1. Given the peptides 130-142, 92-104, arrange them by the average over their residues of other C-beta atoms within 10 Å, most packed first.
2. Give a residue-ordered list of calculated ³J(HN,Hα) values for segment 136-144 (Karplus: 6.51 cos²θ - 1.76 cosθ + 1.60, θ = phi - 60°; whole Hz; x for Gly, Pro).
3. Explain nothing, just compute: Karplus ³J(HN,Hα) = 6.51 cos²θ - 1.76 cosθ + 1.60, θ = phi - 60°, for every residue of segment 77-90 in order, whole Hz, x for Gly and Pro.
4. With Cβ to Cβ distances under 10 Å as the rule, what net charge do the other residues near GLU61 carry (K, R +1; D, E -1)?
5. What accessible area per residue, rounded to a whole number of Å², is obtained for segment 45-154 using a probe radius of 1.4 Å?
6. Determine ³J(HN,Hα), in whole Hz, for all residues of segment 39-49 in sequence, where each value follows from phi through the Karplus function 6.51 cos²θ - 1.76 cosθ + 1.60 and θ = phi - 60°; x replaces Gly and Pro.
Amino acid sequence: MKDLITPLRDENDNNMLHLVGKNTKQKRLQDVSGEVEAMIPPTYRERKNKDGLTAHELSTEEHKDLVLQGEKWMKGTTIHCMVVAALIATIVFAAAFTVPQMTGIPIFHSEAIFKVFVVADAISLSASAASILMFLSILTSRYAERDFLQSFRF
């Protein structure tokens, strides 16, 4: 059956991939991601319609607003997460240097619970610093269409 419907074209020479690349409901895009491309023979993927656009070019043109919305959402979420990571790093850093001491030596230095605290504090500080760097790299990303292709593959 698929061999009968995949070569069909509409009046504008759009094949099945072109039609999928046009504006559709976002929920529907999530349901059929990648399925149509797998059905279409490789030679049909680069065919152009009457406007001279391949299915990928048509999809890029039709979904420019999705890329902008994705960029806006990613930046907003990243900023909030980065603030939380910075607050955690600040508290953990402060906790490491405000240990109760007598003559420069922590009071509980010989107890096992203090060693657990030191290890947990070091892990927390490292994880927070790594999170801050990761969120910073997301913020400085270029947000090209290709960056979102994995989620919106046609």
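The values are calculated or read from the model by the stated rules, or taken from the named source; none is laboratory data. For clarity, every value in this text was computed on a predicted model and none was experimentally measured. All Cβ positions, glycine included, derive from the backbone under ideal geometry; neighbour counts span all protein chains shown. Keep in mind that these areas ignore ligands, DNA and RNA; they rest on the heavy atoms of the full protein, side chains included. Shrake-Rupley method; radii C 1.70, N 1.55, O 1.52, S 1.80 Å.
1. Numbers: 130-142: 13.2, 92-104: 10.4.
In decreasing order of mean packing, 130-142, 92-104 become 130-142, 92-104.
2. Result, rounded to whole Hz: 5, 5, 5, 5, 8, 5, 8, 6, 7.
3. Result, ordered by residue: 5, 5, 4, 5, 5, 5, 4, 4, 4, 5, 5, 4, 4, 5 Hz.
4. On the way: positive: LYS22, LYS64; negative: ASP51, GLU57, GLU62.
So the environment of GLU61 carries a net charge of -1.
5. On the way: 7800 Å² over 110 residues.
Computed with neighbouring chains in place, this is 71 Å² per residue.
6. Taking θ as phi minus 60°, the curve returns 7, 7, x, x, 5, 7, 5, 9, 5, 9, 8 Hz for segment 39-49.
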